[in-house]
Amino acid sequence: MLFNLRSNCSQRPCSQQPKDKHTKLGARGFCTCVVEMKANFRLKMCLAFGPICVVLGALCVGSLKKHAWSLQGVKGLAGVRVVQVPFDAMSLAIMKKLFSASICSFSSSTTRPHLAVAKDIQCMSAEHWLLVGGSWAGLVTWYVWLVLSIRRKSVDSQPISNLHDFVFTVTLTHAKLALGVISAAYSDNYPDSTLLFNMTVLFALAELGRYLKPSRISLVNVLLRSGLRVA
């Protein structure tokens, strides 16, 4: 499919190229297409549900062991460092992708609303309702993971109790949630304003870290503040 698209692009004038493809004028007056390798929205949603399925799996395993609904399995998962690091790194992207399934927009007054991030998915359609239901179920599951992860890093940390400051960890986590919602809702239509808002929040978090001492380890505090400023 990709090769056919490239060969067709090289034989059509620039005015006939799809608007979502970047083109440049070739030597014979025809365009050479530069195809953007962007994953489909549906594929991205499937990838976002990967960590959520892991959390659900831990919930089911822990509940089966206790023969009742229990969060013990998720608590155990939150204590695995190999899982903690990538899940923390993906948290903002997961929240943004899940929220984006509920945000619709209009292209014109004569067309039906569609997802802001996927124009081929019409709002209020069966597929849209399926995405909305799955995404909100995923949001609830992911929020449970975030709450237990916060406790694991602060009040329930072992062997050093309160390794990370509870208030700062809660603030940082919910700031990530806010950034995910704002980015999903406004990044396409208001990119400059969204960028300014994100920079303001990150700078405020970096300054807050100077007073709350996010961690008992000084090096971690320095790296965290530096990372927030660089971001």
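The values are calculated or read from the model by the stated rules, or taken from the named source; none is laboratory data. Please read these numbers as outputs of a predicted model, since none were measured by experiment. A quick note on method: Cβ atoms are made from the backbone with ideal geometry, for glycine too, and the neighbour counts reach across all protein chains shown. Note: areas computed on protein heavy atoms with side chains; ligands, DNA, RNA excluded. Shrake-Rupley method; radii C 1.70, N 1.55, O 1.52, S 1.80 Å.
Just a few scattered comments:
- Leading residue by the ranking (nearest to residue 170 (Cα to Cα)) among those in the range 211-228 that are touching a helix residue (DSSP H, G or I) at 6+ places or on another chain (Cβ under 7 Å) and of a type outside the set (A, V, I, L, M, F, W, C): 214
- Count of residues meeting criterion [open to solvent by 70 Å² or more (accessible area, probe 1.4 Å) and either under 13 Å from residue 103 (Cβ atoms) or assigned to a loop (DSSP other than H, G, I, E, B) (or both)] in the range 176-193: 4
- Here residue 224 passes the criteria (1) within 28 Å of residue 136 (Cβ to Cβ); (2) touching a strand residue (DSSP E or B) at 6+ places or on another chain (Cβ under 8 Å) except the one numbered (1).
- Restricting the range 194-208 to residues that are touching a Ser or Thr at 6+ places or on another chain (Cβ under 9 Å) and in contact (Cβ under 8 Å) with a residue 24 or more places away in the chain, the residue that is least open to solvent (accessible area, probe 1.4 Å): 205
- Considering only residues in the range 209-231 that are among the polar types (S, T, N, Q) and surrounded by 13 or more Cβ atoms within 10 Å (Cβ to Cβ), the one that is modelled with the highest pLDDT turns out to be 215.
- Residue in the range 45-68 that is closer than 30 Å to residue 175 by Cα, open to solvent by less than 70 Å² (accessible area, probe 1.4 Å), polar (S, T, N, Q) and modelled with pLDDT of 50 or more present: no
- Applying the criterion of at least 1 residues that are among the basic types (Lys, Arg) and open to solvent by less than 80 Å² (accessible area, probe 1.4 Å) to the helices (runs of 4 or more DSSP H) found wholly in the range 70-154 leaves 81-100, 126-153.
- For the range 155-168, the candidate set comprises residues that are within 23 Å of residue 82 (Cβ to Cβ) and of a type in the set (A, V, I, L, M); within that set, the residue that is surrounded by the fewest Cβ atoms within 10 Å (Cβ to Cβ) is 160.
- The set of residues from the range 119-147 being small (Gly, Ala, Ser) and either under 29 Å from residue 171 (Cα atoms) or touching a Cys at 6+ places or on another chain (Cβ under 6 Å) (or both) comprises 133, 134, 135, 137, 138.
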